[in-house]
Amino acid sequence: MTVSPLSAWTDRLAALPVNASERPFLSQLTVRASDPAAIAAMGAALGVVFPSVPCTFTTGTGSFGEVQVLWLGPDEFLVVAAPDLQIPIEEALRGALGSARGSVVDTSAQRTTVVLEGPHVRDVLAHGCSVDLHPSAAPTGTCVQTLLARTGIILLVTGADRVTLLVRSSFAEYLAAWLSDACVEYRTQ
Amino acid sequence: MQLIPCPWCGPREEAEFHYGGQAHVAYPQDPSALSDEEWAQYVFFRENPSGPFAERWSHSAGCRRWFNAVRDTRTHDLLAVYRTDEPMPEVIS
């Protein structure tokens, strides 16, 4: 049986004021490419336009369902899709890349995903994250790689009061423990 | 904490960055032709100015890209950041 990194934390995360929940085993592929034609072709294969602006992500729907493409660097992207699609997506991206210089690597096991929702999300994250998360500085569509309580994370702003964190699997339990502690002052009872 | 402006990600905390020493140190054209003394000069000897100093930095906790920065060693002010393939800009300190 496959056990997700935060399976032991499901109930404790759900009880937090930020309604945290894990989205385990998402398909994740690291794409390195700088040729604009190849990037456009890979986007077309997934039904999503790859982000061209630093620190943003894009969402699209195609033959692999809803797919997110995260900007990780000027020639580096992370493709995130539903579980168990990494092999067909890898084949589709490699086909679209063709002979252009680049790489497509399955990194699904590297990170797990935690979704936080609620009015206190930005306040809780501000306890351990130095990036300005005010809606005027980090609107929906923002994707930043930074440190949250000294843990390397990718932070996606997916809605007004909704944030997705991608964290390395081995750091996930530490992050869950830190979140529990940071949420203490926002408990209602 | 000091903010360092990454050319890609914008201003971020210093803790996200990794220092890479003096910038614009060219690799020798023909390393095997160097004497031990010349090799030691290349490997170990660096400028140590009091004032603007061009350095390499890596945004290791963010986009993981290397870039160059001009830092005033007297005040720790970052006077300019630029990409690794660009020449050092003129700075007024």
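Here are a few things to note about the model shown:
- Selected residue (only one of B:GLU47, B:GLU37 is open to solvent by 90 Å² or more (accessible area, probe 1.4 Å), farther than 30 Å from A:GLY128 by Cα, among the acidic types (Asp, Glu) and touching a residue at least 12 places away in the same chain (Cβ under 8 Å)): B:GLU47
- Lone qualifier among A:LEU78, A:LEU13 - being part of a helix (DSSP H, G or I) and either closer than 23 Å to A:PHE171 by Cβ or at pLDDT 95 or above (or both): A:LEU13
- Residue count for region B:18-32 under the criterion of being open to solvent by less than 20 Å² (accessible area, probe 1.4 Å) and under 25 Å from A:GLY128 (Cβ atoms): the result is 0.
- With respect to the stated conditions, A:GLU66 is in a strand (DSSP E or B), open to solvent by 40 Å² or more (accessible area, probe 1.4 Å) and either more than 14 Å from every other protein chain (Cβ to nearest Cβ) or at pLDDT 95 or above (or both).
- Tally, over region A:129-166, of residues that are without any contact (Cβ under 8 Å) to a residue 60 or more places away in the chain, surrounded by fewer than 18 Cβ atoms within 10 Å (Cβ to Cβ) and not in a strand (DSSP E or B): 12
- Residue list for region B:72-85, filter: open to solvent by less than 90 Å² (accessible area, probe 1.4 Å) and either in contact (Cβ under 8 Å) with a residue 40 or more places away in the chain or within 14 Å of chain A (Cβ to nearest Cβ) (or both): B:HIS76, B:LEU78, B:VAL81, B:TYR82, B:THR84
- Consider region B:53-66 and keep the residues that are open to solvent by less than 50 Å² (accessible area, probe 1.4 Å) and within 25 Å of B:TYR27 (Cβ to Cβ). The one that is farthest from the other protein chains (Cβ to nearest Cβ) is B:PHE53.
- Residue among A:LEU46, A:LEU93, A:LEU78 that alone is in contact (Cβ under 8 Å) with a residue 60 or more places away in the chain and within 24 Å of A:VAL157 (Cα to Cα): A:LEU78
- For region A:108-123, the criterion of being part of a helix (DSSP H, G or I), at pLDDT 95 or above and among the acidic types (Asp, Glu) is met by no residue.
- Condition check for B:ALA69: more than 14 Å from chain A (Cβ to nearest Cβ), out of contact with any helix residue (DSSP H, G or I) (no Cβ under 9 Å at 6 or more places or on another chain) and not polar (S, T, N, Q): yes
- Enumeration of residues in region A:15-25 that are of a type outside the set (Val, Ile, Thr) and out of contact with any Pro (no Cβ under 6 Å at 6 or more places or on another chain): A:ALA15, A:LEU16, A:PRO17, A:ASN19, A:ALA20, A:SER21, A:GLU22, A:ARG23, A:PRO24
- Test: A:GLU117 is charged (D, E, K, R), more than 24 Å from A:GLY60 (Cβ to Cβ) and either open to solvent by less than 70 Å² (accessible area, probe 1.4 Å) or away from chain B (no Cβ under 14 Å) (or both): no
- Subset of region A:129-146 [polar (S, T, N, Q), facing chain B (nearest Cβ under 10 Å) and over 19 Å from B:ARG65 (Cα atoms)]: A:SER130
- Residue match in region A:18-31 (condition: more than 23 Å from A:ARG162 (Cβ to Cβ), open to solvent by 60 Å² or more (accessible area, probe 1.4 Å) and not β-branched (Val, Ile, Thr)): no
- In region A:42-63, the residues that are over 30 Å from A:HIS127 (Cβ atoms) and open to solvent by 40 Å² or more (accessible area, probe 1.4 Å): A:ALA44, A:VAL49, A:SER52, A:THR61, A:SER63
The values are calculated or read from the model by the stated rules, or taken from the named source; none is laboratory data. Remember, it's a predicted structure, so these values are computed and weren't measured experimentally. Quick reminder, even Gly has a Cβ in these numbers, built from the backbone with ideal geometry, and neighbours come from all protein chains shown. Accessible surface is based on the protein model in full, side chains and every heavy atom, while ligands, DNA and RNA are left aside. Shrake-Rupley method; radii C 1.70, N 1.55, O 1.52, S 1.80 Å.
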